[in-house]
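The values are calculated or read from the model by the stated rules, or taken from the named source; none is laboratory data. No experiment lies behind these values; they were computed from the predicted model shown. Ideal geometry is used to build each Cβ from the backbone, glycine not excepted, and the neighbour counts take in all protein chains shown.
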Amino acid sequence: MQLSVLQHLFLLLYDSDGGKYLDFAAGIAVNVLGHGHPEIKKVMHEAIDNVWHVSNLYHIPEQQKLAKKLCDISFADKVFFCNSGAEAVEGAIKTSRKYHFEKGDKDRTDIITFKNAFHGRTLATLAAGANPKHTEGFGPLPSGFENIELSQQQLEEKISNKTAAVLIEPIQGEGGIRLTPKEDLQMIRDLTSKHGDEDITLENKQSYIQQMLQYMNHDSDDDVLEDDEKEEAR
């Protein structure tokens, strides 16, 4: 779509030809703040007049407050902030493999993923998504990913003592806004627990944080949860 946006007002966008649009894209579901809201502008101006950026080698009070709030409304005890969704997924993949390595299970490195998912555009997350449209021309891709249909039978066939984690989007975005039934999420948790309680369920989300945390309020006991602008690890 050839659209050159010149002006905005809250949820409205205006292009160079005078066309007016309601912004339902929201930066592909990562920027849902609208445009130019006075309260948000006020807070942003207050931030600009304060410290702009410091290394996370130091304590950052605002980041600590956000981390506490995320923990309060989720299962997590700790939060790791990073720069993008792909980095959050990569961090979760590394967390799962490192976990098994430290326990002495050095062969437990495989990650099971599901069809129609999107996990990012780094080489590893492209390999996890296994979508030919996204991977063509970028090979060889990192190994260690098994991409299957979401079914109990296929998961039972593929999960093994070499499985480090199961990576899933409860709500697929690239796959067409498809919700994974909570029964399937619980099934995945039950199967990973059955295979030693060491398989970490990674749940990747590409949508609004609060909405997703509410959706994720199911009975399964997740180990790692990532979001577009964060990774939370228990």
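Please count how many residues of the stretch 45-64 are over 20 Å from Val79 (Cβ atoms) and at pLDDT 90 or above. Qualifying residue count, the stretch 45-64: 4. Of the residues examined, Lys78 is one that is closer than 28 Å to His119 by Cβ and of a type in the set (Lys, Arg).
Of the residues in the stretch 155-166, at least one is within 17 Å of the chain's Cα centre (by Cα) and closer than 20 Å to Ala92 by Cα.
Output yes when any residue across the stretch 128-149 is of a type in the set (A, V, I, L, M) and touching a residue at least 60 places away in the same chain (Cβ under 8 Å), and no when none is. Please lay out each step first, then the result.
So the first thing to find is which residues in the stretch 128-149 are of a type in the set (A, V, I, L, M), and the list is 128, 130, 141, 148.
Now drop any that are not touching a residue at least 60 places away in the same chain (Cβ under 8 Å), which leaves none.
No, because not a single residue in the stretch 128-149 is of a type in the set (A, V, I, L, M) and touching a residue at least 60 places away in the same chain (Cβ under 8 Å).
Looking at Leu155, Leu150, Leu141, just one residue is touching a helix residue (DSSP H, G or I) at 6+ places or on another chain (Cβ under 8 Å) and in a helix (DSSP H, G or I), and that residue is Leu155.
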